[in-house]
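Q: Questions regarding the structure given below will be posed in turn.
Please treat every number below as a calculation from the coordinates, not as lab data. The structure displayed is predicted, hence computed values, not measured ones. Here the Cβ is made from the backbone with ideal geometry for all residues, glycine too, and neighbour counts use every protein chain on show.
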């Protein structure tokens, strides 16, 4: 696969690691930008899950030793169901039908997968229907939910899924001075606590601002890594040039792990302290 973006390569590397180490989760929420461009990458992941030869790398797919990949490409694989919105929403009856169908065992393999497109269109009723599937997963069933914005997905669903991203973050616009300053404090680590009051009063005063700011910061880090991988100009991100890429990857991981907890954390300052402590340890 030549010409991959940084995000696409990261996704491929991650799913190869998942399958190579046998650490498959029971549910994934995959964030995308352009469905037509990025759905094929999701299908690579699904093919690996359903491959009877138990391949550990995307490079081993489409090997012609079985017809699984072709059946998936043609939309005819019996152990794969794809749910799309019926109108403006994904309706309860669609998921009841899925649950009834998946009471049965796999038809031709050891695992079954279902994909829910536009997971943000799950309304409270349909979400509650699928929630039982996510809370008490069968060992041989994997859920793959797809969304263009993870933060529009109901919290009860988001909290039960492992989040992966294929989102193109190349267009982040002009970076606010406050965000730039916060990243500089973050890089130094202990400055997060030294300038705690300044950050709290002027940059991250509340949950909503923190959520939006950390979403943007993650996009900045991903774009920076993408630019360095291509050898492009880094003028906009010169303040990151002396930071090890592994450190930036650690920051991305912390943000992805801690941000969903912000919804449930009643005490915003305690949450802020917790994520600061993790940043300082990097």
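Q: Describe numerically, in nm with one decimal, the distance between label points set 7 Å from Cα along Cα→Cβ at residue 24 and at residue 175.
A: 3.9 nm
Q: Next up: Provide 241, 125 in ascending order of the number of other Cβ atoms located within 10 Å of each residue's Cβ, fewest first.
A: Going from sparsest to densest Cβ surroundings: 241, 125.
Q: Any idea what the relative contact order of the chain is, in percent, if you count C-alpha pairs under 8 Å spaced at least 6 apart?
A: Reported relative contact order: 21 percent.
Q: How would you classify segment 83-204 from its alpha-carbon gyration tensor, with a ≥ b ≥ c the square roots of the eigenvalues: rounded for a/c under 1.5, else prolate if a/b is greater than b/c, otherwise oblate?
A: Prolate.
Q: Given the chain, what percent of its DSSP beta bridges are antiparallel, to the nearest 5? Present the calculation step by step, with values, prior to reporting the outcome.
A: Working: 1 of 20 bridges.
Here the share of antiparallel DSSP bridges comes out near 5 percent.
Q: Any idea what Rg and Dmax come out to for segment 177-281 if you just take the C-alpha atoms, in Å?
A: Calculated on Cα positions, Rg and Dmax stand at 13.5, 43 Å.
Q: Compute the Cα gyration tensor for segment 24-63, then decide on rounded, prolate or oblate, letting a ≥ b ≥ c be the square roots of its eigenvalues: rounded whenever a/c is under 1.5, prolate when a/b is larger than b/c in the other cases, and oblate in all that remain.
A: Working: a/c = 3.06, a/b = 1.46, b/c = 2.09.
It is oblate, given that a/c is not under 1.5 and a/b is not larger than b/c.
Q: What is the Cα convex hull volume of segment 50-94 when expressed per residue in Å³?
A: So the per-residue Cα hull volume is 113 Å³.
Q: Bin by bin, in steps of 10 Å, what percent of the Cα pairs in the chain do you find, going until the bin that has the longest distance?
A: Going from the shortest bin to the longest, the percentages are 6, 26, 32, 23, 11, 2, 0.
Q: Using the 10 angstrom Cβ neighbour count as an exposure proxy, how do 190, 31 rank, fewest first?
A: Fewest to most other Cβ atoms nearby, the residues stand as 190, 31.
Q: Going by average Cβ density within 10 Å per residue, which order do the peptides 128-135, 142-149 take, highest to lowest? Don't skip to the answer; put the middle values down first.
A: Working: 128-135: 17.1, 142-149: 20.9.
Listed from highest to lowest mean packing, they are 142-149, 128-135.
Q: What ranking do 26, 202 get, fewest neighbouring Cβ atoms within 10 angstrom at the top?
A: Lowest count first: 202, 26.
Q: Another one. Note the angle between two axes, namely the Cα long axis of helix 268-281 and the longest principal axis of the Cα atoms of the chain, as a number of degrees from 0 to 90, rounded to the nearest 10.
A: Approximately 90 degrees, to the nearest ten.
Q: Rounded to the nearest 500 deg cm²/dmol, what is the calculated helix-only ellipticity per residue at 222 nm for the chain, with -39500 (n - 2.57) per DSSP H run of length n ≥ 4? Please list the in-between numbers first.
A: Working: 11 runs with 135 residues, N = 282.
Roughly -15000 deg cm²/dmol at 222 nm, from the helical runs in the chain.
Q: Which three semi-axes in whole Å describe the equivalent ellipsoid of segment 129-200, each the square root of 5 times a Cα gyration tensor eigenvalue, listed largest first?
A: Result for segment 129-200: semi-axes of 36, 17, 11 Å.
Q: Treating the angle as unsigned and between 0 and 90°, give the value, to the nearest 10°, between the Cα long axis of helix 245-262 and the longest Cα principal axis of the chain.
A: Approximately 80 degrees, to the nearest 10.
Q: Then there's this: Using all Cα-Cα distances in segment 6-165, what percent lands in each 5 angstrom bin from 0 up to the longest?
A: P(r) for segment 6-165, in whole percents per bin: 2, 9, 19, 23, 22, 16, 8, 2, 0.
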